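Reading through the structure tokens given below for one structure.
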Amino acid sequence: QVQLVESGGGLVEAGGSLRLSCAASGNIAIIRTMGWYRQPPGKQRELVARTTIDGSTNYADSVKGRFTISRDNAKQSVYLQMNSLKPEDTAVYYCNADLVTLFTTTHNDYWGQGTQVTVSS
């Protein structure tokens, strides 16, 4: 069984910073990609940033230059440093991992429970 546990959300003023963390655990063989998605109130879930096992990254245009994703393969963890936060960044942020579990060859998506980020104006 695989679990993704997030931490680091909260309330911050516009212009402030937050750092999200996500740790994966369980019978994991390899994590192909790890990333962060968010779901603003009343809207669909969207990609924020994603990183692959070889370290390549991609970001949503709305967060480029403000957010930085990083990954620690040894700790099976991914982080999202969010700077210059704006009220429109308010959302529930979800950790995602595309991984292969032990004794299988197929990969599947796993999700964390979500962490609330609220940016006040």
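Surface composition of the chain: carbon and sulfur make up 48 percent of the accessible area, probe 1.4 Å.
Solvent-accessible surface (1.4 Å probe) assigned to R45 amounts to roughly 100 Å². If R0 equals 30 Å, the separation of the Cβ atoms of Q116 and I28 corresponds to a calculated FRET efficiency of about 0.70. Of R66, R19, the residue with the largest accessible area leads and the full order is R19, R66 (1.4 Å probe). Residues of region 70-90 with backbone nitrogen within less than 19 Å of a virtual label 7 Å along the Cα-to-Cβ line of L11, please, listed as ranges. Taking a point 7 Å out along Cα→Cβ of L11, the residues of region 70-90 whose backbone N falls under 19 Å are 85-90.
With the Cα gyration tensor of the chain in hand, convert its eigenvalues to equivalent ellipsoid semi-axes via √(5λ) and list them largest first in whole Å. If you can, show how the numbers build up before the last one.
Working: eigenvalues 134, 37, 29 Å².
Semi-axes from the Cα gyration tensor: 26, 14, 12 Å.
For the chain, the solvent-accessible area with a 1.4 angstrom probe is 53 square angstrom per residue.
Distances between placed amide hydrogens fall under 5 Å for V48 paired with W36, Y37, R38, all partners being 5 or more residues away or on another chain. For the set E46, E6, E88, the ranking by accessible area, highest first and with no ligand, DNA or RNA atoms included, is E88, E46, E6 under a 1.4 Å probe. Ordered from highest to lowest accessible area with the whole protein assembly present and a 1.4 Å probe, S121, S21, S7 read as S121, S7, S21. The modelled label-to-label distance between K43 and R19, using points 7 Å beyond Cα along the C-beta direction, is 2.6 nm.
Here the gap between S62 and T104, fully extended at 0.36 nm per residue and compared with their Cα-Cα distance, gives a gain of 11.4 nm.
The values are calculated or read from the model by the stated rules, or taken from the named source; none is laboratory data. Not measured: the values here are computed from a predicted model. Neighbour counts are summed over all protein chains in view; Cβ atoms, including those assigned to glycine, are modelled from backbone coordinates with ideal geometry. The area values use the complete protein model at the heavy-atom level, side chains included, leaving out ligands, DNA and RNA. Shrake-Rupley method; radii C 1.70, N 1.55, O 1.52, S 1.80 Å.
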